[in-house]
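Data block below; observations after.
Taken together, the values in this text are just the output of simple stated rules run on the coordinates, not laboratory data. Owing to the predicted nature of the structure, the values given are computational and were not obtained by experimental measurement. All Cβ positions, even for glycine, are placed from backbone atoms using ideal geometry, and neighbour counts span all protein chains on display.
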Amino acid sequence: MRHRIILADDHEIILDGLRRILVPEFEIVATVADGRDLVAEVERLKPEAAVVDISMPLLNGLDALRQCKSAHFRTRFVFLTANPDVALATQAFRLGASGYVLKQAAAEELVVAIIEALAGRTYITPRIANEVLQNLMSHSADTAKDGSALTGREREVLQLLAEGKIIKEIAAILNVSPRTVEFHKNNVVAKTGLRTTAELARYAVRQGLVSELG
């Protein structure tokens, strides 16, 4: 019986390529284009692994992992990203990721990473492996720098603001009141020292919550 996995990326061309690479080895039970659908499908289907991009609409891959870990879902996350940022990869593993593969890597590397994850091990793309391991062995994490000073809900509000959503839209997406959204936005401003939407958006890009702004 083949292992069941979910694919999460907001680019259909990437999903098509992943299907061709992975179908011979694994059963693809779902594909999703944003982090909120990913969390919902992980809860519904309980796959053994998920191949996930970090920058996705509505909820990024890192915060999707946070939510899945908080809910004690057992799905193992393998991040497939174009971002070689060592701090971002370090954050992913600190959150409980099982793999980190660059999109520029050979297809075989992704298959190996998934197999390692399913076996309960971790895989780091060789290009950044040494630096990531050094960071993981260090206990001097800078919470302000990596954004972990923000709560999960504050990170969600920050991402949605950076994506251009207004307060009412964010309230509807998160199923909370506009006043609650304003409360979390004010907390983000207080913790980051950033006030304008443009400043918050640039910060969100640096944190890997959204992709580069056009």
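Are there any trypsin sites (Lys or Arg not before Pro) in the range 25-125 that are in a DSSP loop and have at most 13 other Cβ atoms within 10 Å? List them by number. Before the final figure, lay out each step's value.
Working: sites: Arg36, Arg44, Arg66, Lys69, Arg74, Arg76, Arg94, Lys103, Arg121; in loops: Arg74, Lys103, Arg121.
Of the trypsin sites (Lys or Arg not before Pro), the ones in loops of the range 25-125 whose Cβ has at most 13 other Cβ atoms within 10 Å are Arg74, Arg121.
Please give the length that would be gained between Met1 and Asp85 if that part of the chain were fully extended, namely 0.36 nm times their separation in residues minus their C-alpha to C-alpha distance (nm, one decimal).
Numbers: separation 84, 0.36 × 84 = 30.24 nm, distance 3.61 nm.
Result: 26.6 nm gained on full extension.
Note on Rg and Dmax of the Cα atoms in Å: of the candidates (i) 19.3, 59; (ii) 20.3, 69; (iii) 17.0, 53, the value calculated from this structure sits at (iii).
Between helix 178-192 and the chain there is an angle of about 80 degrees, using the helix long axis and the longest principal axis of the Cα atoms. Qualifying GluC sites (Glu not before Pro) in the range 5-81, where qualification requires a DSSP coil assignment and no more than 15 other C-beta atoms within 10 Å, comprise Glu25.
Net charge in the neighbourhood of Phe183 (other residues with Cβ under 11 Å of its Cβ; Lys, Arg +1, Asp, Glu -1) is +1.
Report, to the nearest 10°, how far helix 35-45 tilts away from the longest principal axis of the Cα atoms in the chain, using its own Cα long axis and a range of 0 to 90°. Helix 35-45 sits roughly 50 degrees off the main axis of the chain.
Here the simple spin-label model places points 7 Å from the Cα toward Cβ, and for Asp10 and Ala106 these points are separated by 3.2 nm. The listed peptides 153-160, 124-131, ordered by packing as a protection proxy, come out as 153-160, 124-131 (highest mean of other Cβ atoms within 10 Å first). Other residues lying with their Cβ under 12 Å from the Cβ of Leu158 contribute a combined charge of +2, Lys and Arg counting +1, Asp and Glu -1. Ranked for footprinting exposure by Cβ neighbours inside 10 Å, fewest first, Thr90, Thr197 give Thr197, Thr90. What separates the Cα centres of the range 38-52 and the range 96-134 is a distance of 19 Å. Against the chain, whose longest principal axis comes from its Cα atoms, helix 61-70 is set at around 90 degrees.
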